[in-house]
Every structure is written in C-alpha cells, then in structure tokens.
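So the structure is just underneath, and the comments pick up after that.
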Amino acid sequence: MSRIIALDPTNTAGRATELLAAVKAKLGVVPNLMRTLGHSPAALEAYLDFKATLGTGVLSAKIREQIALTVAEINSCDYCLAAHSLVGKGTGLNNDAIIAARRAEADDPKTDALLKFAAAVVEWRGLVSDDAIAAARAAGISDAEIIEAVANVALNILTNYTNHVAQPVVDFPKAAPLPGAA
C-alpha cells in the first residue's frame, strides 16, 4: 500500500497541474511516480528538468536506460525496474540486454565499463577508487561520460528513493526476476 498517495491529475491546482499535464502530453499517461512527485511541484519540476537536460548530453537514451536499470537493481527498486525495462525496450534493448544491464553488464565493452563504473558509484556512494576511474578511462570513457554517468546515477537514486519512501503502486508491467536470483 502506498505511503504517499499519488495525486489525481484532474484534482490538482497550480504548478502541479501544469507539470502533470506536460507529462501526460509527452507520455500519454501520468505514471504514479510523477503523480507522487507532484506533491512537491518543485521536486517534480527538478526531476523533469534534470532528466530533459541529461537527454541533451553525450550519453544515448539507450545507455541512460542501461544505467537506470543498473541503479534500480542495486537499489532493489521494483517500480524503476518495471518502468525502465519497458522504456529500455523503446530504446532498442532486448530482454537479454535488459537482464545484462541489471547486472551492470553489456555486450559492448565501453558500455560494459560504463555500467560497472555506474554500479561502483552507487555501491561506494560516489567514493569510487582511482582504479575505477582508470578502468573507465582505459575503456575509452571520456570525462564528459564519467560526469554524465554520475548525473544519471543521481537522477535514478532520486526516483529509487522516492519510490522506497512513498511506495507508489507500480503501474508498469512487472519486471521479471533475474535468472538465477534467489
């Protein structure tokens, strides 16, 4: 059961109404996470702006979704695993690539290294080792990509933690358990 009830977009006022309407115009629906963030229009707007701005960066939508899946798996966020499994398919990820991303793995060596770096950022709360930076650079990851990986981790931690605190109803198809997971 939700701890913070998702807003009904037809029953809001002010900036929350505008932001939720913009989400609906873009996606065709207003996911429960957005409805929950809408309790604080400032938080919802910050999330939407951060996400949109990162969309103009050097990391592709596909890689951003792979990072989101890596972060969601580490943080055990069922909502984000469901959402990013679906959205990831729209960026060209197949089921095997989604499972791999959840394990911080990818077929492409550079993407694999980037996911491992993102996982290290989460697991070490940003206190990554010199070896982690060196491994990323050895894989051809630029400083811009390192910084954007950190930014994408931060964006996804915001949604993971919001989901943990609020416990919104998952309104995406449930992500399959990882094969071999206990």
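The values are calculated or read from the model by the stated rules, or taken from the named source; none is laboratory data. Since we're looking at a predicted model, the values are computed, not measured. So basically every Cβ, Gly included, is an ideal-geometry build from the backbone, and we count neighbours across all protein chains shown. To get the accessible areas, we keep the full protein, side chains included, count just its heavy atoms, and leave off ligands, DNA and RNA. Shrake-Rupley method; radii C 1.70, N 1.55, O 1.52, S 1.80 Å.
Brief remarks on what is shown
- Only one of ALA113, ALA106 that is over 16 Å from the mean Cα position of the chain (by Cα), under 15 Å from ILE67 (Cβ atoms) and in contact (Cβ under 8 Å) with a residue 40 or more places away in the chain: ALA106
- The C-beta contact set for segment 31-49 (first residue touching a residue at least 12 places away in the same chain (Cβ under 8 Å) and closer than 13 Å to LEU158 by Cβ, second residue assigned to a helix (DSSP H, G or I) and of a type in the set (S, T, N, Q), distance under 7 angstrom, 6+ apart or interchain) comprises LEU33/THR159; LEU33/THR162; LEU33/ASN163; THR36/THR162; LEU37/THR162.
- Which listed residue, of ARG102, ARG125, is within 22 Å of GLY55 (Cα to Cα) and among the basic types (Lys, Arg): ARG102
- Qualifying positions in segment 135-170 - touching a helix residue (DSSP H, G or I) at 6+ places or on another chain (Cβ under 7 Å) and either aromatic (Phe, Trp, Tyr) or not in a helix (DSSP H, G or I) (or both): ALA139, GLY140, ILE141, PRO168, VAL169, VAL170
- Matching residues, segment 137-158, being more than 26 Å from GLY38 (Cβ to Cβ) and open to solvent by 40 Å² or more (accessible area, probe 1.4 Å): ARG137, ALA138, GLY140, SER142, ASP143, ALA144, ILE147, VAL150
- Candidate set from segment 41-54 (those that are among the small types (Gly, Ala, Ser) and more than 16 Å from LYS26 (Cα to Cα)); member that is most open to solvent (accessible area, probe 1.4 Å): ALA42
So that you can scan it fast, the table gives a plain yes or no per residue for (1) part of a loop (DSSP other than H, G, I, E, B); (2) closer than 20 Å to PRO31 by Cβ:
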residue	(1), (2)
ILE67	no, yes
LEU115	no, no
VAL128	yes, no
PRO173	yes, yes
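- Inclusion of GLY92 among residues that are more than 15 Å from ALA119 (Cβ to Cβ), outside any helix (DSSP H, G or I) and either in contact with a helix residue (DSSP H, G or I) (Cβ under 7 Å, 6 or more places away or on another chain) or open to solvent by less than 30 Å² (accessible area, probe 1.4 Å) (or both) is warranted.
- Contact annotation: residue pairs with Cβ atoms under 7 Å, 6 or more positions apart or on different chains, pairing a residue in segment 11-25 that is among the polar types (S, T, N, Q) with a partner that is modelled with pLDDT of 95 or more, are THR12/LEU20; THR12/GLY38.
- Boolean, ALA132 is within 18 Å of ALA100 (Cβ to Cβ), modelled with pLDDT of 95 or more, open to solvent by less than 70 Å² (accessible area, probe 1.4 Å) and not acidic (Asp, Glu): no
- Matching residues in segment 7-40 - criterion: being touching a His at 6+ places or on another chain (Cβ under 9 Å) and open to solvent by less than 30 Å² (accessible area, probe 1.4 Å): ALA16
- Pair list, Cβ under 6 Å, 6 or more apart: segment 58-69 residue small (Gly, Ala, Ser), other residue open to solvent by less than 20 Å² (accessible area, probe 1.4 Å): ALA68/ASN156
- Filter result (of a type outside the set (Val, Ile, Thr), open to solvent by less than 30 Å² (accessible area, probe 1.4 Å) and under 17 Å from the mean Cα position of the chain (by Cα)) within segment 159-182: ASN160, ASN163, ALA166, PRO168, ALA175
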